[in-house]
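Peer 1: Below: one structure in structure tokens.
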Number of protein chains: 2
Amino acid sequence: MGALDDGHFDEELENGLVLGVCSKPEIEKTKIIEDAVKVLLLGLGEDINREGLRKTPFRVAKALREGTRGYKLKVKDIVQSALFPEAGLESGVGHAGGVGGLVLVRDLDLFSYCESCLLPFQVKCHVGYVPSGQRVVGLSKLSRVADVFAKRLQDPQRLADEVCSALQHGIMPTGVAVVLQCSHIHFPNFASAFLNSNHQGWSKTVVTSGSGVFEDEKEMIWGEFLSLLKFRGIDIDNTGSRISGDGCWCPSQNISTMEPANSEMIAAVTSIIQSLGEDPLRKELLGTPTRFVRWLMNFRNTDFKMKLNGIDRCRNNPFGSNGHVEESIQTELNLSLWSQCEHHLLPFHGVVHIGYFGAGIDAIGISLLQSIVHFHGFKLQVQERLTRQIAETASVLVGKDIMVVVECNHTCMISRGIEKFGSSTATMAVLGRFATEPAARAKFLQSIPPSNTGV
Amino acid sequence: MGALDDGHFDEELENGLVLGVCSKPEIEKTKIIEDAVKVLLLGLGEDINREGLRKTPFRVAKALREGTRGYKLKVKDIVQSALFPEAGLESGVGHAGGVGGLVLVRDLDLFSYCESCLLPFQVKCHVGYVPSGQRVVGLSKLSRVADVFAKRLQDPQRLADEVCSALQHGIMPTGVAVVLQCSHIHFPNFASAFLNSNHQGWSKTVVTSGSGVFEDEKEMIWGEFLSLLKFRGIDIDNTGSRISGDGCWCPSQNISTMEPANSEMIAAVTSIIQSLGEDPLRKELLGTPTRFVRWLMNFRNTDFKMKLNGIDRCRNNPFGSNGHVEESIQTELNLSLWSQCEHHLLPFHGVVHIGYFGAGIDAIGISLLQSIVHFHGFKLQVQERLTRQIAETASVLVGKDIMVVVECNHTCMISRGIEKFGSSTATMAVLGRFATEPAARAKFLQSIPPSNTGV
């Protein structure tokens with residue numbers, strides 16, 4: 001594989017393609033990330049040679065380099081090939097077409113990487129401009145330019161400002177406006193997950209940036225821009241309220257753990273940041289390795305097994321477990337689940353529904369079920385295994401006739417090559433009577449209400 | 001640029017990348033498509049050297065080759081690198097994990113090309129399988145495999161069957177199920193658009209395919225699969241109702257125009273089909289070039305100008321246009337718009353909202369406004385220019401104080417590299433008092449109700 005020169009690279013970009021791992025320095029940088037990921041896996045107490053993890057360093061390196069390819073892209077090359085002459089009004093007073101006719105593209109799904117904690121965050125991007133000089137830009141380029149800056153380590157406000165400024169310089173219009181709706185996954189940490197089952201799963205923020213006629217957010221033109229967003233059901237109330245200097249958007253900024261982080265793992269994350277083309281000494285990145293490692297350590301491998309032998313006092317009717325009263329199916333729905341994909345070191349999260357026969361369980365029992373979910377969730381996992389483990393462990397508590405449905409959103413489905421925003425994964429485990437009685441399965445499934453576990 | 005060998009190609013795919021136009025046969029095939037597109041543009045009466053069209057042949061060739069890259073991909077290479085050992089139940093009766101634990105990925109947004117008319121169609125893909133042999137597949141591979149077959153000239157049922165069969169052979173599970181919700185754009189033809197303003201914009205169909213335990217659609221397991229879809233609000237009523245052999249899903253099959261199609265253009269489309277790697281003599285493709293050309297001819301360039309001089313008898317109050325009664329803003333909302341992007345030869349469609357001062361217009365006037373929209377829409381266009389032209393022409397009818405908002409979905413935003421499903425574009429033109437009075441603009445914008453012009 002020969003090195004791809006810049007010209008080819010732009011050609012590839014134009015094709016909707018991105019740079020592969022080709023040239024020698026590229027291979028070296030990928031190797032550095034792979035080595036760093038091995039250090040992280042070892043720090044988590046994992047066997048880096050077990051089947052599910054063997055290619056994880058490679059996958060993580062690829063995903064990270066792909067997800068930060070924006071560092072290598074030049075806005076000029078994207079925009080210049082797609083500026084088209086377009087007349088303004090032929091006569092009379094007004095604005096239209098290539099002179100003053102507002103253009104707005106809404107609902108561009110992007111993702112970016114949080115510079116504060118290295119986790120991906122989702123972005124609904126709305127971007128518009130007011131053409132001038134009898135010149136418009138190809139619509140897709142607004143998306144491509146936004147992606148150049150999204151595919152870096154970012155903070156929402158800087159992302160909006162950089163997209164805005166790049167378009168202003170690239171198109172030279174009368175003005176550019178950018179509105180970003182950002183959603184950052186917000187995990188509870190291992191300990192607090194057990195204590196607080198109503199944990200809020202997302203940190204959200206809306207940021208805006210404007211140049212030219214959009215520079216002043218009090219201008220009428222902003223109102224018109226926001227009206228056009230409203231037509232699509234996008235109601236931005238807090239425009240103008242930029243994130244304050246404290247920068248509390250990233251949940252990792254608020255973690256007040258005093259636990260010292262493993263210095264080898266911190267050094268490994270620092271080397272990753274460097275090989276992505278960033279300066280680990282940039283002010284905003286100084287604490288990032290530590291924050292990432294602290295977060296990651298929520299998923300360390302533990303030796304102890306969850307023991308539930310002898311626990312069935314939480315059954316509402318202790319006699320039910322052997323009697324004939326227990327023909328009805330009990331359900332515990334929407335137990336929250338947080339986990340980490342072992343193939344990509346990226347979070348997935350969702351809900352668990354559990355069905356079982358017999359007498360219901362009391363509040364202690366429900367909290368035990370939730371603990372079982374967290375116990376198996378806070379590890380490097382795959383959803384299929386997690387579902388089986390929850391079923392097996394919970395069967396000790398609620399009996400051998402048990403059915404488990406797990407519904408999750410996987411960050412690795414959006415922040416890698418396939419970028420499938422909005423997709424979700426369901427898995428199922430059926431034990432005992434649920435395995436042999438289709439009617440029992442159907443009854444349990446009917447009891448689960450439609451939901452939206454998405455952003 | 002050196003040729004990319006197969007190994008590298010798979011590597012690139014794995015990276016979420018696609019093959020660029022690199023090797024010599026590739027360049028030649030691209031050249032064939034470019035030449036064919038020039039024939040099509042000439043057949044439409046266009047100047048292939050005008051600025052907006054100069055690079056259109058290149059863009060179309062790239063988009064088509066990119067959008068049909070599935071012909072070059074091998075499922076085996078995608079799946080084999082991502083099969084992971086995963087245990088079934090440790091003990092007891094039941095199914096879970098790598099043995100029998102149903103896995104379902106929902107809401108994968110894909111697009112494909114209709115083999116009957118060459119237009120892209122959108123696909124919501126839901127795919128699942130029941131693992132066996134203590135083996136699961138990486139979740140993203142379900143999406144990648146579906147995309148291998150989506151990125152070809154397709155028919156919904158064959159697409160579902162091919163995805164199903166490929167996964168069955170690739171993963172060797174107990175069974176595979178595929179549900180596709182497909183939406184095909186349904187343009188009126190030029191003439192009927194003027195007659196029927198309530199034209200239905202989409203042809204939709206749901207298809208299913210199953211193998212192994214999913215082979216029989218009466219099996220309970222299908223019910224469970226559909227229950228898991230319902231949790232995400234996806235209610236498939238007509239499962240089991242495969243499209244009949246008549247294959248009426250593609251609207252172009254129903255066009256009964258007797259107009260002979262230009263044989264040079266037909267030959268050009270045939271050469272495109274061939275250079276994508278398809279056999280133009282395949283039964284389903286035999287009429288495709290003719291259908292495509294007939295459809296495309298809706299957008300031919302015409303010399304005549306729309307003349308509305310002297311027409312204002314459709315004003316409800318003919319005296320209003322010079323009097324003082326006309327302070328109120330009148331609106332005509334949701335006029336339907338069909339057009340063709342001149343940069344990519346791909347359709348865009350949506351609605352037009354028109355605001356103006358003075359007395360309202362009667363039914364004839366509204367129908368004239370709708371005709372103005374169609375007159376400018378049925379051409380090779382860009383939305384910015386179209387918006388301006390509608391405003392300028394309509395001002396003859398409703399006066400020089402006019403504001404036009406156009407909201408569209410562009411097929412070129414989804415069926416090319418950026419694949420931005422759900423994005424939409426708004427453009428605006430303001431003339432006369434709307435240009436000088438921000439309050440008038442605001443008032444008109446407030447009168448437009450939120451809508452969803454999407455699929």
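The values are calculated or read from the model by the stated rules, or taken from the named source; none is laboratory data. Just so it is clear, the model here is predicted, and its values are computed rather than measured. Quick reminder, even Gly has a Cβ in these numbers, built from the backbone with ideal geometry, and neighbours come from all protein chains shown. Just the protein is used for accessible areas: all its heavy atoms, side chains included, with ligands, DNA and RNA removed. Shrake-Rupley method; radii C 1.70, N 1.55, O 1.52, S 1.80 Å.
Peer 1: Under 16 Å from a label point 7 Å along Cα→Cβ of A:GLN253: give me every residue in the range A:170-185 with its amide N that close.
Peer 2: Under 16 Å, as judged by backbone N against the label point of A:GLN253, lie A:182-185 of the range A:170-185.
Peer 1: In nm, what does the list of distances from B:GLY92 to its counterparts in the other copies look like, shortest first, when each label sits 7 Å along Cα to Cβ?
Peer 2: 7.6
Peer 1: Past 21 Å, Cα to Cα: identify those pairs from A:LYS420/B:LYS420; A:LYS76/A:LYS141; B:LYS141/B:LYS204; A:LYS204/B:LYS124, in the order given.
Peer 2: The answer is B:LYS141/B:LYS204; A:LYS204/B:LYS124.
Peer 1: Shifting gears a bit: Run the helix sum for the protein assembly as shown: -39,500 (n - 2.57) per DSSP H stretch of 4+ residues, divided by residue count, reported at 222 nm to the nearest 500 deg cm²/dmol.
Peer 2: Helix-only estimate at 222 nm: -11000 deg cm²/dmol.
Peer 1: Sticking with this structure for a sec: For a Förster distance of 41 Å, can you work out the FRET efficiency between the beta-carbons of B:ASP35 and B:HIS169, rounded to the nearest 0.05?
Peer 2: E(calc), rounded to 0.05, equals 0.60.
Peer 1: Sticking with this one: Hey, how many Å between the Cα centroid of the range A:427-442 and the Cα centroid of the range B:203-228?
Peer 2: After rounding, the separation between the Cα centres reads 18 Å.
Peer 1: Next question, about the same structure. Any idea what the B:SER447 label distances to the other copies are, label 7 Å down the Cα→Cβ vector, nm, shortest first?
Peer 2: Spacings between copies for this position, smallest first, are 5.5 nm.
Peer 1: Also, quick follow-up: Ignoring ligands and nucleic acids, what accessible area does A:ARG50 show with a 1.4 Å probe (Å², nearest 10)?
Peer 2: Only protein atoms counted, so the area is about 60 Å².
Peer 1: Given a 1.4 Å probe and the protein chains all in place, what does the accessible area of B:ARG282 round to, in Å² to the nearest 10?
Peer 2: Near enough 50 Å² of accessible area.
Peer 1: Can you give me the Cα centroid spacing of the range B:335-394 and the range B:94-163 in angstrom?
Peer 2: Spelled out, the Cα-based centre of one part sits 39 Å from the other.
Peer 1: Sort A:ASP303, A:ASP107 by accessible area with a 1.4 Å probe, largest first.
Peer 2: Most to least solvent-accessible, the answer reads A:ASP303, A:ASP107.
Peer 1: Can you sort A:HIS199, A:HIS95 by 1.4 Å-probe accessible area, starting with the largest?
Peer 2: From most accessible down to least: A:HIS95, A:HIS199.
Peer 1: Under a straight-distance cross-link criterion of Cα-Cα below 24 Å, which lysines are reachable from B:LYS307, leaving out those fewer than 8 residues away in the same chain?
Peer 2: Once the sequence-local lysines are set aside, what remains near B:LYS307 is B:LYS379, B:LYS400.
Peer 1: When a/c reaches 1.5 or more, the comparison of a/b and b/c decides; with that in mind, is chain B rounded, prolate or oblate per its Cα gyration tensor?
Peer 2: Here chain B falls in the prolate category.
Peer 1: Then there's this: Once you place label points 7 Å from the Cα toward the Cβ at A:ARG135 and A:ARG300, how far apart are they in nm?
Peer 2: In this crude label model, A:ARG135 to A:ARG300 measures out at 5.7 nm.
Peer 1: Within the protein assembly as shown, what whole-number % of the accessible surface is contributed by carbon and sulfur, with the 1.4 Å probe and all protein chains included in the calculation?
Peer 2: 52
Peer 1: How much of A:GLU264 can a 1.4 Å solvent probe reach, expressed as accessible area in Å² and rounded to 10?
Peer 2: 130
Peer 1: Let me ask you something else. Just tell me how shielded B:100-111 is by partners: mean number of partner chain Cβ atoms within 10 Å of each residue's Cβ, no decimals.
Peer 2: The shielding value for this peptide is 6.
Peer 1: Give me the lysines in straight-line cross-link reach of A:LYS283: C-alpha distance below 22 Å, same-chain residues under 8 apart excluded.
Peer 2: Correct list for A:LYS283: A:LYS72, A:LYS151.
Peer 1: Same structure again: Work out the FRET efficiency for B:LEU281 and A:ALA439 from their Cβ-Cβ distance, taking R0 = 56 Å, and round it to the nearest 0.05.
Peer 2: Result of the calculation: an efficiency of 0.60.
Peer 1: Per residue, how large is the accessible surface of the range A:344-455? Use a 1.4 angstrom probe and give square angstrom.
Peer 2: Heavy-atom SASA per residue in the range A:344-455 reads 24 Å².
Peer 1: Using a 1.4 angstrom probe on the protein heavy atoms only, could you order B:ASP35, B:ASP109 from most to least accessible area?
Peer 2: Sorted descending by solvent-accessible area, the residues read B:ASP35, B:ASP109.
Peer 1: Still on this model: Under the convention of a label 7 Å out along Cα→Cβ, give the distances in nm from A:ALA267 to the same position in every other copy, shortest first.
Peer 2: Those separations, rounded to one decimal, come out as 7.1 nm.
Peer 1: Separate question: Show me you know the interface measure: the accessible area buried between B and A, both chains summed, probe 1.4 Å, in Å² to the nearest 100.
Peer 2: Buried surface at the B/A interface: approximately 8100 Å².
Peer 1: Pulled fully out, how much extra length does the chain show between A:SER81 and A:LYS24, if you take 0.36 nm times their separation in residues and subtract their Cα-Cα distance?
Peer 2: Between A:SER81 and A:LYS24, full extension yields 17.6 nm more.
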